[in-house]
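The values are calculated or read from the model by the stated rules, or taken from the named source; none is laboratory data. Just so we're clear, the structure is a prediction, and the values are computed from it rather than from any experiment. Neighbour counts are summed over all protein chains in view; Cβ atoms, including those assigned to glycine, are modelled from backbone coordinates with ideal geometry. Surface areas here come from the heavy atoms of the whole protein model, side chains and all, with no ligands, DNA or RNA. Shrake-Rupley method; radii C 1.70, N 1.55, O 1.52, S 1.80 Å.
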Amino acid sequence: MKLLRKYIRQILLEDRESFVLDLLNNPSYDDTFRDTSDEDADPDEKVLQGYKDRAAMGRIMKKAFAKHADRKFIDSLELVHWSTDLSKIIKMLKSPSARDELSAAAYLPGEMPGTSAFGKYGLIINGYVTLLANDMDALQTGYSEFYKKADPERVKSSGVNKGIGNVDDESIVLSREDWDPNDFLGNEALVDNWEAIGVIVPDENYDDMVEVFDELYDTTGKEYSLYKASFRL
């Protein structure tokens, strides 16, 4: 059994090495890339160019991730988009933009919490993970609104595809072997073609959310699971 584990670990290490080599062999890849534009202080042109560069670097990283990630492991993760704004969650249920990549926290099966430092309302989703990093600060994906302004034609054809504002291949999670979410900030997954399957709310919001779900079912015919935060703890 020890030999088997050693063999499996060696395969995983070799695949990670191949992942890095794929990146380095791409002439457009820059392992020192970092978009330092400031949405609040810099001119619009600089910010929007920065977002174009993020998207381009993100495409390179996602292509290598798609080739080398252990899809069985990645697909087993539970995904939650957290928010401080319940109205935003309700809006996403009423008018989902599934073609726009959504940032989410990823959890091992059965370890989804009832709340998060990034919000007490959680939209539970299924979808295709295009990139996953142990530390959300390693990606610095930015805001969807700026991708829309930076490249509106691409957004029209394929939705908002988020990029990366910082290159940190060591934080990218390819397999269970790499899994080590940041204890403070947590990880970040980019999720494409996502579908909402449920919502986590504080206990005191549960009854009001039941009424919202009833209204949603009447108008859309869609049903979602609803969880009190205490049920998830």
Checklist entry - If you take the square roots of the eigenvalues of the alpha-carbon gyration tensor of the range 40-178 and sort them as a ≥ b ≥ c, do you get rounded (a/c under 1.5), prolate (a/b over b/c) or oblate? => result oblate
Checklist entry - Once label points are set 7 Å from the Cα along Cα→Cβ at both E111 and E145, what is their separation, rounded to one decimal in nm? => result 3.4 nm
Item to check | the chain: most fluctuating residue of Y206, Y217, Y51 per GNM, C-alpha cutoff 10 Å | outcome: Y217
Item to check | Spherically averaged projected area of the chain from its Cα convex hull (nm²) | outcome: 14.8 nm²
Checklist entry - Considering only protein heavy atoms and a 1.4 Å probe, what is the carbon-and-sulfur percentage of the accessible area of the range 85-129? => result 56 percent
Checklist entry - For the range 175-233, which whole percent of the accessible surface, found with a 1.4 angstrom probe, sits on carbon and sulfur atoms? => result 42 percent
Checklist outcome for this item: Here the gain from full extension of T220 to D30, 0.36 nm per residue of separation minus their alpha-carbon distance, amounts to 63.9 nm
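I need to check one value: relative contact order of the chain, counting alpha carbon pairs closer than 8 Å and at least 6 residues apart, in percent. Mind dumping the intermediate values first?
On the way: 386 pairs, mean separation 59.6, N = 233.
Across the chain, relative contact order equals 26 percent.
Give, in nm to one decimal, the length gained when the segment between D183 and K46 is fully stretched (0.36 nm per residue of separation minus the Cα-Cα distance). Could you put the intermediate results ahead of the total?
Numbers: separation 137, 0.36 × 137 = 49.32 nm, distance 3.30 nm.
46.0 nm is the gain from fully extending D183 to K46.
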Checklist outcome for this item: Distribution output for the range 105-179: share of Cα-Cα pairs per 5 Å bin in percent, first bin at 0, values 3, 12, 18, 21, 22, 15, 7, 2, 0
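Give me the extension gain from R99 to D15: residue separation times 0.36 nm, minus the current Cα-Cα distance, reported in nm with one decimal.
Taking R99 through D15 to full extension adds about 27.3 nm, to one decimal.
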Checklist outcome for this item: Gyration tensor on Cα atoms of the range 99-233, a ≥ b ≥ c root eigenvalues, a/c under 1.5 rounded, else prolate if a/b beats b/c, else oblate, says oblate
Checklist outcome for this item: accessible surface per residue for the chain, probe 1.4 Å, DNA/RNA/ligands not counted, whole Å² -> 56 Å²
